[in-house]
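Peer 1: This is the structure, below, for whatever I ask next.
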Amino acid sequence: MAKIRKFTAFIAFTFCLAFVAGSHVYAQGYYVEQPRLFYGGVVAGANFSQVDGDRYAGYRKVGANLGGIVYAHVAPKLAVSMEILFSQKGSRDNGAQYTVSEDYIITDYNIDLNYAEIPIMVNYFDKRKSNFGVGLSYSQLISSNEKVETYSTLSNTMAPIPDFNQDNHPFRKADLNVLVGGNIKLVGGLFLNVRFQYSIMPIRSNMHPELSRAPQHN
């Protein structure tokens, strides 16, 4: 919890900086953008994520995506952006039950992962200031929680897989993603962002043999 509180305070500070960097002026009731090298704003939205390899297809895990963004123009239609985000990812089952061995069946599965994330992208802008970008994102794990409920075919009762817990099979502390996305300008300084990102690293390196998967974010 201490890590989350500290990062929340850092995000709030980033909001303030992004607001100052992204300030605009209004003249005679019209929105006016002042040409400048740097500008920024706040980011607020949701992640729809899944974990490759867990056999639960579909983007059913919904999490928050909050933070700030700063752009630096390097050419008339090109800008490099950097964000500082609090990002929630993970996996949620689709109601199906899966046999992981002759002895165990997974009946309920859920992963909650909270990250401090720094995406860096190169963005191309059109005449309306809408933009398209590609880049990379580095994430540091703040906290994690994994729920696995299994049914033992040996005892015919709900029973955990022996020796399975997060301490023995932890999630990686760092994550690296490739990004592609775009911002559609709606009105004034308000944009609608759509982004796809994919982890190029397994989210854990030491998987329990009963689960036998090396999942990645998607």
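Peer 1: Of the listed peptides 113-119, 80-86, what is their order by residue-averaged count of other C-beta atoms within 10 Å, with the highest listed first?
Peer 2: 113-119, 80-86
Peer 1: Report the full-extension gain for the segment Val178 to Met201: residue separation times 0.36 nm, less the Cα-Cα distance, to one decimal in nm.
Peer 2: 7.2 nm
Peer 1: What spacing in nm lies between the two simple spin-label points modelled at His169 and Ile105, each 7 Å away from Cα in the Cβ direction?
Peer 2: 1.9 nm
Read-outs throughout are calculated quantities, based only on the coordinates presented, and are distinct from any laboratory measurement. Just so it is clear, the structure is predicted and the values come from calculations on it, not from any experiment. Every residue, glycine as well, gets a Cβ built from its backbone with ideal geometry; the counts of neighbours run over all protein chains shown.
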